[in-house]
Amino acid sequence: MKIAIQGEPGSFSHEAALKLVPGAEIIPCALSAEVFATLTRGDADGAVIPIENSLAGSVSEHFDLLLSHDVKAERETLLRIRHNLIVVPGVAEEAIERVYSHPVALAQCRRFLAEHPKMRALAFYDTAGSVKQIMESDDRPAAAIASEAAARYYGAQILASDIEDNSENFTRFFLVRRGPDAGVDPNANKISLAFSIEHRPGSLVDALKELAALGTNLTKIESRPVPGKPWEYVFYVDCQIASAGEGERAIAALRSHCVMVKELGRYREARH
């Protein structure tokens with residue numbers, strides 16, 4: 001299968017893609033919008049996207065893109081995020097003046113960076129891309145924060161391992177397929193939904209009561225603003241379900257109270 005990811009080879013998305021689809025051909029994309037465009041054009045069979053980090057929270061842009069495209073999440077996985085200080089081989093720690101990485105990765109390594117005030121943190125578009133940059137430019141006063149896989153892929157050297165502030169750092173990834181191609185795991189026990197409600201008091205409570213009446217366990221809820229409609233929101237929820245039929249009943253129950261309901265995917269819940 002051809003799988004589109006946002007980021008360079010060696011990124012955490014690359015690692016998650018191979019975990020979800022072993023042996024996949026990876027199509028790297030610079031932007032998340034490009035990932036979804038590649039998928040909807042049919043240039044990829046699927047896409048693997050990060051949807052939520054246990055420390056940084058949801059990847060809001062990806063929720064918006066799931067809503068606006070005819071795609072569904074088919075599977076999910078959890079990836080333990082381990083950050084490493086990576087350099088051009090032979091560079092000593094005392095020589096490092098700049099450290100590049102994705103802003104989220106930099107934020108997750110604040111303690112390490114605070115302990116090394118000589119190293120100036122600079123945001124980059126991708127963790128693996130930062131390794132690629134310092135290697136291609138032979139930038140010796142610079143380092144990158146990225147995965148062990150990125151260091152291996154680009155032939156770089158790891159100076160310090162597991163430099164993240166919190167070891168309980170996991171990212172949840174979706175395998176996304178085009179709507180007509182997406183399958184539903186017969187053992188699915190989780191469903192992701194998006195819905196919008198009437199702009200009146202109690203409408204959200206009424207919608208959630210319908211889910212509660214089914215005995216559906218709500219594991220996540222958050223809202224996102226509707227572009228062009230100030231103070232109106234789309235709600236995204238994850239629910240544990242006992243069967244595929246319960247997922248159908250949850251959708252039907254919401255439709256009686258909501259202006260819009262879209263299923264984002266039905267899949268087996270990932271465990272770590």
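No value in this document is a laboratory result; all are computed from the given coordinates. This structure is a prediction, so every number in the text was calculated from the model and none was measured. Cβ sites come from the backbone with ideal geometry, for glycine too, and all protein chains shown count toward neighbours.
Tabulated values for the structure
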item	result
Cα→Cβ-extended label distance, 7 Å offset, between Glu248 and Glu34, nm	4.1
Distance between the range 140-161 and the range 201-261 - C-alpha centres, whole angstrom	43
Neighbour cut-off at most 13 other Cβ (10 Å), DSSP loop, trypsin sites (Lys or Arg not before Pro), the range 91-176	Lys118
Computed label-point distance, nm, for sites Asp70 and Glu115 using a 7 Å Cα→Cβ extension	5.3
Sites Gln240 and Ser60 - FRET efficiency at Förster radius 22 Å, r taken between beta-carbons, to 0.05	0.45
Paramagnetic reach from Asp206 (point 7 Å along Cα→Cβ, amide N under 20 Å) across the range 244-272	249-262
Aspartates and glutamates whose Cα lies under 14 Å from that of Lys2, excluding same-chain neighbours fewer than 8 positions away	Glu25, Asp43, Asp45, Asp181
Mean residue ellipticity (222 nm) of the chain, computed from DSSP H runs ≥ 4 via -39,500 (n - 2.57), nearest 500	-8000 deg cm²/dmol
Qualifying GluC sites (Glu not before Pro) in the range 79-182, DSSP loop, other Cβ atoms within 10 Å at most 14	Glu97, Glu168
FRET efficiency for Glu97 and Asp43, using Cβ-Cβ distance with R0 set to 45 Å, rounded to 0.05	0.65
Zone residues, the range 180-196, relative to Lys229, backbone N less than 16 Å from point 7 Å out along Cα-to-Cβ	194-196
Estimated distance in nm for a label pair at Met1 and Arg271, the labels positioned 7 Å out from Cα along Cα-to-Cβ	2.2
Leading residue at positive end of dipole, the chain (Cβ point charges), from Ala252, Tyr267, Ser11	Ala252
FRET efficiency, 1/(1 + (r/R0)^6) with R0 41 Å, evaluated for Thr219 and Tyr125 via beta carbons	0.85
Unit charges on C-beta of K, R, D, E only; dipole of the range 64-173, Debye	40
